[in-house]
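Read-outs throughout are calculated quantities, based only on the coordinates presented, and are distinct from any laboratory measurement. Every value quoted in this text rests on a predicted model; they were computed, and no experiment measured them. Note: ideal-geometry Cβ built from the backbone for every residue, glycine included; neighbour counts use all protein chains shown.
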Amino acid sequence: MEKFVPKYQGAPWPDGARVLHVYAVPDLRTDLELATLVGECRTAMLPFPITPLGDTTLHCTLDMIADTTAEEITTTERAELVAALREHLAGTGPFEVMAGSPIAGRAGAFLDLSPDHALVDLREHVRDAIRRTRGPDALRHNGGRPHISLGYAWSDASSDALQTALRRISPSHAPVHVREVHLLDVRFRLHPRPGGETAWQLSWSPVATIPLTA
């Protein structure tokens, strides 16, 4: 496991930069089995150099608007993007996926999500809305398998040791209900850690919430 470095336009993220993202955000107040699983994962991650995501920053990335930073996107352009998201997601209803097992990744830990066909379809509708309003250059995220990030590594450590700790968790799966999509103004900032290390920490401000109501 190596230090996590967020990327923007294929390069390391500028410290403090803000970029609009579209996330599916789990609600631990209602998905109680997921809350239990996340808590067990945080306990397993404690001995490792990982900054865990909080209850309100857990997320599954659907895509990012990567043609420019958030402060360059005007209020009118944001409204156009929200309208396009509402239009392109109008035929999408809420659905359930399974989170787990927990996985030690290259730069942290995450929960795999499956079956992922509904999330992949949701992501394509989101991309259609972004493409329509911002053009193809706004889509620079490669997607990958849908997952919920649990935490980001701030130093090197053994992924095998972390995976062994995560494997002890049982039950290792929990249902997740996706009922809405969030457009968020996302910021990554570097924060000091012991021994002269630094850690990237995520925060965001809400822009719009689009319910999935079909």
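Given (1) free of Cβ contacts under 8 Å to residues at least 24 places away in the same chain; (2) farther than 19 Å from residue 48 by Cα, identify the lone condition not met by residue 192.
(2)
Of all residues being within 18 Å of the chain's Cα centre (by Cα) and of a type in the set (Gly, Ala, Ser) in region 159-214, which is farthest from residue 74 (Cα to Cα)? Just the residue, please.
Ranking the candidates gives 174 first.
Being free of Cβ contacts under 8 Å to residues at least 60 places away in the same chain, closer than 28 Å to residue 172 by Cα, touching a Pro at 6+ places or on another chain (Cβ under 9 Å) and among the acidic types (Asp, Glu) narrows it down to one residue among 121, 116; which is it?
Going through 121, 116 in turn, just one is free of Cβ contacts under 8 Å to residues at least 60 places away in the same chain, closer than 28 Å to residue 172 by Cα, touching a Pro at 6+ places or on another chain (Cβ under 9 Å) and among the acidic types (Asp, Glu): 116.
If I ask for residues that are farther than 30 Å from residue 37 by Cβ and either part of a strand (DSSP E or B) or in contact with a Ser or Thr (Cβ under 7 Å, 6 or more places away or on another chain) (or both), which ones from region 84-120 would you list? Outline the logic, then answer.
First, the residues of region 84-120 that are farther than 30 Å from residue 37 by Cβ: 84, 86-88, 90-91.
Of everything in region 84-120, just one residue is farther than 30 Å from residue 37 by Cβ and either part of a strand (DSSP E or B) or in contact with a Ser or Thr (Cβ under 7 Å, 6 or more places away or on another chain) (or both), namely 84.
Might you check whether a residue that is surrounded by fewer than 19 Cβ atoms within 10 Å (Cβ to Cβ), touching a residue at least 40 places away in the same chain (Cβ under 8 Å) and more than 14 Å from residue 24 (Cα to Cα) occurs anywhere in region 142-154?
No, every residue in region 142-154 fails to be surrounded by fewer than 19 Cβ atoms within 10 Å (Cβ to Cβ), touching a residue at least 40 places away in the same chain (Cβ under 8 Å) and more than 14 Å from residue 24 (Cα to Cα).
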